[in-house]
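Notes follow the structure.
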Amino acid sequence: MKTKKMPKLLFALSFILLLSCSKKEENTPIINIASLTLSTDSPDDILVIGEAINFTVTGDDGVEYNDVATFYVDLAPISGTSHAFTTEGSHDVYASYGGVNSNTVTFNVVNGTESTFIVEEEKVLREQENSFTLIDVEGNDVSTTASFFVNGTAISNNVFSSSTTGIFEVYATYDLAGTTVTTETKSFEVYIPKRKVVLEDYTGTWCGYCPAVAAAIEDVHEVTNDIAIVAIHETSFSYPDPMHFDQVQDLKDAFGVDGLPAARINRTATWLEPYATGEVTSMAGQDTDTAIAISSQVEGQNLSVEVKIISEQGIPSGKKLVVYLLESGIIHDQVNYYNTVPGSPFYGLGNPIPDFVHNETLRLSLSSSIFGDSVSETAALTEYSKSLSVAIPSDYVVANLSLVAMLVNDDNSAINAQFAHVNEAKNYE
């Protein structure tokens, strides 16, 4: 019995395919790390303008990844593994490789020509310690030789906390060649976090009843800004929606959405027609114990985001962080079943409504899961932070992009949220 020979053309194609597959496998990095640790050669967190420092990033496998990691200063990528700061103030540094981000290291940079007075935090929770630092012209911490005053009263050291909310003023005095010098006065706030209610609108451009939810959200907006809105679009076979979110079915399954329109409050509570404003405003802006801050920066097509969370009670295990990228100002016709309904805000606008403006449209999940990434257990009054990054598709309008971050329970119900435009730093509120 003779063995059939493989045709030469087929053999050649097979050989090329084998080579291309092998080469692809060789060039694709295999990421076997769960965490990265950033360290520097600076003995402390105080630097003088122009002082260069070197960074090292190490994986939990004990391997240094300096050659392949990207280092970020104030959310902007830098080249190499060293940096010299050119402006005064607080600056954050972290590293990223293979989708894994390191811890964030914060430096206080001074001008080196005069003593510098630093207030560590602009806002602190009740009973959260705020520290004050005095730096001399050589960049040395001389806080132990200074006296600090809060609202005109001397404190025993350079640390202060209060159970009372409000704006506090602080300054320091120190001796310079036998003369008592008083620094500038700075202020900080002791605050109680306010709750931002998450409103999620399951919608579609083909859904004629869906504009009712958009109108209800606008009504809520007229009463309060303490909301975080996410519009989740789904396409229809007969009427494709260009804003369709690929994982919409996963969200619908998780939150019991079986038809449109549908709205959810804080992810899990159903907001039913007539979408009463009071169901939202009864919670929006109320005192709570957990606050969220967001800062972000776009460089080219890369978006870098830092989210911080702090709680008076601490963050127990089982909580998750959800971060979504949204886009507003998207123009597309909207089917409208209210065109002939007197009293409707959409009466007489046409069916479909031409050039309808769609806002807060869910574009991307920055979390590795659309239901959020696990947050490590964090002690009371201690800050948790996470850095994320994503490539922005070229058809997104950067000026119209925004972010929503939510801390959620293990049942996906939202504890609190924060909203911010990209390229904006939104502090705790």
Worksheet item: Considering only protein heavy atoms, what is the solvent-accessible area of residue 61 at a probe of 1.4 Å, reported in Å² to the nearest 10?
Response: 70
Worksheet item: What order do 60, 201 take when sorted by accessible area (1.4 Å probe), most exposed first?
Response: 60, 201
Worksheet item: Where nothing but the Cβ of Lys and Arg (+1) and of Asp and Glu (-1) is charged, how large is the charge dipole of the stretch 145-245 around its Cα centre, in debye to the nearest 20?
Response: 400
Worksheet item: Rg and Dmax of the stretch 232-299 over Cα atoms: what are they, in angstrom?
Response: 16.0, 47
Worksheet item: For the chain, modelled as a Gaussian network with Cα springs under 10 Å, which listed residue fluctuates most, 167, 309, 232?
Response: 167
Practice prompt. Let me know the charge dipole size of the stretch 245-336 about its Cα centre in debye, to the nearest 20, where only the beta-carbon of Lys, Arg (+1) and Asp, Glu (-1) is charged.
Written response: 220
Item to complete: Return one number: the angle in degrees, 0 to 90 and rounded to the nearest 10, between the long axis of the Cα atoms of helix 8-27 and the longest principal axis of the Cα atoms of the chain.
Response: 30
Worksheet item: For the stretch 65-165, what does the alpha-carbon gyration tensor say about shape, rounded, prolate or oblate, given a ≥ b ≥ c as the root eigenvalues, a/c under 1.5 as rounded, and a/b over b/c as prolate?
Response: oblate
Worksheet item: How far is helix 211-223 tilted, in degrees, relative to the longest principal axis of the Cα atoms in the chain, given as a value from 0 to 90 rounded to the nearest 10?
Response: 20
Worksheet item: Using alpha-carbon pairs under 8 Å, 6+ residues apart, how would you state the relative contact order of the stretch 314-391 in percent?
Response: 45
Item to complete: Read phi for every residue in the stretch 178-187 and hand back ³J(HN,Hα) as whole Hz from Karplus 6.51 cos²θ - 1.76 cosθ + 1.60, θ = phi - 60°, with x for Gly and Pro.
Response: x, 10, 7, 10, 10, 6, 5, 8, 10, 10
Worksheet item: When only C-alpha pairs under 8 Å and at least 6 residues apart count, what is the relative contact order of the stretch 302-358, in percent?
Response: 32
Discussion item. Run lengths n ≥ 4 of DSSP H only: what is the helix-derived mean residue ellipticity at 222 nm for the chain, with -39500 (n - 2.57) per run over all residues, to the nearest 500?
Written reply: -3000 deg cm²/dmol
Practice prompt. Express in Å², to the nearest 10, the accessible area of residue 121 obtained by rolling a 1.4 Å probe over the protein heavy atoms while all chains stay in place.
Written response: 60
Worksheet, complete the sentence: Put 196, 426, 186 in order of accessible area, largest first, probe 1.4 Å, and you get 186, 426, 196
Worksheet item: Normalised by the residues of the chain, what does the relative contact order come to in percent, with Cα pairs under 8 Å and at least six apart?
Response: 13
Worksheet item: Of the labelled options [x] 52; [y] 11; [z] 31, which one gives percent of Cα pairs over 41 Å apart as computed for this structure?
Response: [z]
Practice prompt. Search the structure for amide H atoms under 5 Å from the amide H of residue 209, placed 1.01 Å from N in the peptide plane, and list their residues when 5 or more places away or on another chain.
Written response: 337
Worksheet entry | Area accessible to solvent at residue 401, 1.4 Å probe radius, in Å² | 0
Worksheet, complete the sentence: Heavy-atom accessible area with a 1.4 angstrom probe orders 206, 271, most exposed first, as 206, 271
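The values are calculated or read from the model by the stated rules, or taken from the named source; none is laboratory data. Just so it is clear, the structure is predicted and the values come from calculations on it, not from any experiment. Every residue, glycine among them, receives a Cβ derived from its backbone with ideal geometry; neighbour counts consider all protein chains shown. We work out accessible area using only protein heavy atoms, side chains counted, and drop any ligands, DNA or RNA first. Shrake-Rupley method; radii C 1.70, N 1.55, O 1.52, S 1.80 Å.
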